[in-house]
Amino acid sequence: MSAVARVGVIGGGAAGMAAAILLADGGVTVEVVEAKPDLSALGSGITLSGNALRVLRGLGVWEEVRAHGYSFDKVAFRAPDPHGTVLAEVPDARLGGPDLPATTGMYRPDLARILAERARGAGARIRFGVAATGLEQAAAGVELATSDGVTEHYDLVIGADGLHSATRQMLGIDVAPVPTGMGIWRAFTGRPASITHTDLYYGGPCFIAGYCPTGEDSIYAYLVEPAQDRSGVSDDEALAIMRGLAEAYHGPWDDIRPLLSTGSRINYTWFTQHLIPGAWNRGRVVLIGDAAHSCPPTMAQGAAMALEDAAVLAELLLAADTVDDGLWNAFHERRSARVRAVVDASVQLGQWLLDGERDADVPGLIGRLHPKIATPA
Ligand SMILES: Cc1cc2nc3c(=O)[nH]c(=O)nc-3n(C[C@H](O)[C@H](O)[C@H](O)COP(=O)(O)OP(=O)(O)OC[C@H]3O[C@@H](n4cnc5c(N)ncnc54)[C@H](O)[C@@H]3O)c2cc1C
């Protein structure tokens, strides 16, 4: 028995596809609308922490994720000195349990494709190039209007349309992502043999310089700077800026710099934070993933939280007989405090860097958060 027979999902990112897969597997009719025309333009790399991998295993895609990604169990810290001196190499916590790696790096379009194929296989219908444009709530359902002129009726609509969620605005929720003061340059390149796990360099011209292997032949590399307006920057200028900032970093960065080119999908974006206080639903429309919350990727937890939201929501919907306050209370009880802890810790890590705080208790902060998120959502 399920509380819903027909669900509309707005947004085909990790949150939307995960919800679609689990609900469709549970016998629900699911339709996803995704504003982008295809999956190819979905960024560069992503670091998936163990708790994200645990949800992906629950979706039945872990073996494929493992085959396409690059898994590792440690992180090293290097100095921004002429040798990229290794200061410490530490085992990373296996947040998804002992039988999953601590981290898997992944090319984002590969992850998107794996999730979309699985959702289709489960029976979900996906309409690419179609945006949600209007929502009207009725006592027992929602009318969802889309950019192709179609209006469909659903028992429930899931707004998984990301950071600048149109669904959030249509619901009149007056919460928006707030910049945290940092901006990140990211590039996607081939993998030098010297890179087999993430290294983090703190200091130098950037707050953080780092990289993550995303496959046998690929990595993404990133440089975090004070947030600034980089909106008019051309591809050539972006390449020059990234190469210039990277000059200060050595060790494997000496292998990355020559690989950077205008074909490296160089991208600049600001870090943000937000979390909808109280309920994430209005009537029969609920927000999950970045639509409901965001955090700087200082702990690589954004996609993990998005996937967990979807898993918890689907579990509750499939187990309930009706969509009522009890269901929403249970959802918020399982999600709000956990996400709040992740957002606060992720923001704090960035703020200590912005403040130049040298005595920050980073191990203490991480040590307090990890046991919480190692517990299944
Ligand atoms: C610089 C940066 C680095 C990050 N690195 C990591 C990391 O390493 N690890 C990690 O776990 N997290 C990371 N994150 C966070 C992570 O990317 C997000 O938390 C995650 O992608 C959220 O998934 P989502 O499905 O909620 O949203 P999204 O992935 O944004 O998906 C939303 C989808 O909705 C679609 N959409 C938008 N509007 C509409 C509409 N009106 N109608 C239909 N469709 C619509 C969009 O096209 C999009 O495909 C990072 C974030 C940033 C900014």
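A few comments on the model shown:
- Note on the range 111-125: residues that are open to solvent by less than 20 Å² (accessible area, probe 1.4 Å) and either touching a Lys or Arg at 6+ places or on another chain (Cβ under 9 Å) or within 24 Å of R284 (Cα to Cα) (or both) amount to 2.
- Candidate set from the range 67-95 (those that are of a type in the set (D, E, K, R) and more than 22 Å from the chain's Cα centre (by Cα)); member that is most open to solvent (accessible area, probe 1.4 Å): E89
- Residue within the range 226-243 that is acidic (D, E), closer than 27 Å to L353 by Cα and open to solvent by less than 40 Å² (accessible area, probe 1.4 Å) present: no
- Residue check for T272: in contact with a Leu (Cβ under 7 Å, 6 or more places away or on another chain), part of a strand (DSSP E or B), closer than 30 Å to A20 by Cβ and within 14 Å of the ligand (Cβ to nearest atom): yes
- Of all residues in the range 312-324 being surrounded by fewer than 24 Cβ atoms within 10 Å (Cβ to Cβ) and assigned to a helix (DSSP H, G or I), the one that is farthest from the ligand (Cβ to nearest atom): A319
Here's the yes/no breakdown for (1) closer than 26 Å to T375 by Cβ; (2) not assigned by TED's automatic domain parsing to the domain that holds L313:
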| position | (1), (2) |
| --- | --- |
| A52 | yes, no |
| L59 | yes, no |
| V75 | yes, yes |
| D81 | no, yes |
| G96 | yes, yes |
| A102 | yes, yes |
| G121 | no, no |
| I126 | no, no |
| A131 | no, no |
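- Within the range 44-64, if we keep just the residues that are assigned to a loop (DSSP other than H, G, I, E, B) and either open to solvent by 10 Å² or more (accessible area, probe 1.4 Å) or among the polar types (S, T, N, Q) (or both), the residue that is modelled with the highest pLDDT turns out to be G60.
- Residue match in the range 287-306 (condition: in contact (Cβ under 8 Å) with a residue 24 or more places away in the chain, of a type in the set (D, E, K, R) and within 16 Å of the ligand (Cβ to nearest atom)): yes
- Scan of the range 250-269 for residues that are in contact with a strand residue (DSSP E or B) (Cβ under 6 Å, 6 or more places away or on another chain), in a loop (DSSP other than H, G, I, E, B) and open to solvent by 60 Å² or more (accessible area, probe 1.4 Å), ordered by number: R265
- Taking the numbered list (1) at pLDDT below 95; (2) in contact with a Lys or Arg (Cβ under 7 Å, 6 or more places away or on another chain) in turn, R265 passes all entries but (2).
- Any hit, the range 23-43, residues being open to solvent by less than 10 Å² (accessible area, probe 1.4 Å), within 16 Å of the ligand (Cβ to nearest atom) and part of a loop (DSSP other than H, G, I, E, B): no
To keep it simple, each residue is scored yes or no on (1) open to solvent by 40 Å² or more (accessible area, probe 1.4 Å); (2) within 19 Å of V4 (Cα to Cα); (3) within 12 Å of the ligand (Cβ to nearest atom); (4) in contact with a Gly (Cβ under 6 Å, 6 or more places away or on another chain).
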| residue | (1), (2), (3), (4) |
| --- | --- |
| E136 | yes, yes, no, no |
| L144 | no, yes, yes, yes |
| D155 | no, yes, no, yes |
| A160 | no, yes, yes, yes |
| T167 | no, no, yes, yes |
| M170 | yes, no, yes, no |
| G183 | no, no, yes, no |
| R186 | yes, no, yes, no |
| G190 | no, no, no, no |
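- Of the strands (runs of 3 or more DSSP E) lying entirely inside the range 138-249, those containing at least 1 residues that are aliphatic (A, V, I, L, M) and under 30 Å from L317 (Cα atoms) span 141-146, 156-159.
- Subset of the range 250-269 (residues that are of a type outside the set (A, V, I, L, M), within 23 Å of Y107 (Cβ to Cβ) and either away from the ligand (no atom under 16 Å from the Cβ) or more than 20 Å from the chain's Cα centre (by Cα) (or both)): P252, W253, D255, R257, P258, S261, T262, G263, S264
- Considering only residues in the range 213-222 that are within 11 Å of the ligand (Cβ to nearest atom) and farther than 13 Å from P297 by Cα, the one that is least open to solvent (accessible area, probe 1.4 Å) turns out to be T214.
The values are calculated or read from the model by the stated rules, or taken from the named source; none is laboratory data. What you see is a predicted model, and the numbers here were worked out from it, not measured in a lab. Virtual Cβ from ideal backbone geometry, glycine too; neighbours counted across all protein chains shown. When the accessible area is computed, the model is the full protein with side chains, heavy atoms only, and any ligands, DNA or RNA have been set aside. Shrake-Rupley method; radii C 1.70, N 1.55, O 1.52, S 1.80 Å.
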